Amino acid sequence: MKTLGYIAAVIGGAVAGATAALLLAPEKGEDTRAKLQDYAKECYDKIDIKKTAEDIQKKVKDFCEKYNINLSKNQVEELAEDVVEA
């Protein structure tokens, strides 16, 4: 689970850094907003939410098997959904 936290921290830092760079750039607000919109659309297009959820679900299942934790398929799916939403 620590790996997911590190990944989220890296992604959050990258987004915050990019946003700060765009906001502090000496350009007109209209240009900056257009760049932000383009960047947000680019990021959204690159993220495959379903694949991400499936990857997390597999990692949760592997973790449970490794530590002999018994969860039903529904519980694993719910846990994966909670992680994606967090």
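The values are calculated or read from the model by the stated rules, or taken from the named source; none is laboratory data. Predicted model only: the values in this text are computed from it and were never measured. Using ideal geometry, Cβ is built from the backbone for each residue, glycine included, and neighbour counts are taken over all protein chains shown. Side chains are part of the model used for accessible areas, which takes the heavy atoms of the whole protein and leaves out ligands, DNA and RNA. Shrake-Rupley method; radii C 1.70, N 1.55, O 1.52, S 1.80 Å.
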Notebook entry, point to check: Within segment 9-18, is even one residue in contact (Cβ under 8 Å) with a residue 24 or more places away in the chain and in a loop (DSSP other than H, G, I, E, B)?
Noted result: no
Note to self: more than 12 Å from the chain's Cα centre (by Cα), more than 18 Å from GLY5 (Cα to Cα) and at pLDDT 80 or above: is that true of GLU65 in this structure?
What the structure shows: yes
Margin query: Among the residues of segment 53-76, what is the count of those that are within 25 Å of ILE11 (Cβ to Cβ) and open to solvent by 60 Å² or more (accessible area, probe 1.4 Å)?
Written below: 7
Note to self: I'm checking my understanding of the structure. Among residues of segment 38-52 that are open to solvent by less than 90 Å² (accessible area, probe 1.4 Å), part of a helix (DSSP H, G or I) and over 17 Å from GLY5 (Cβ atoms), which one is modelled with the lowest pLDDT?
What the structure shows: CYS43
Margin query: Contact list please: Cβ distance under 6 Å, first residue in segment 66-79 and more than 11 Å from ILE56 (Cα to Cα), second residue open to solvent by 70 Å² or more (accessible area, probe 1.4 Å), pairs at least six apart or on different chains.
Written below: none
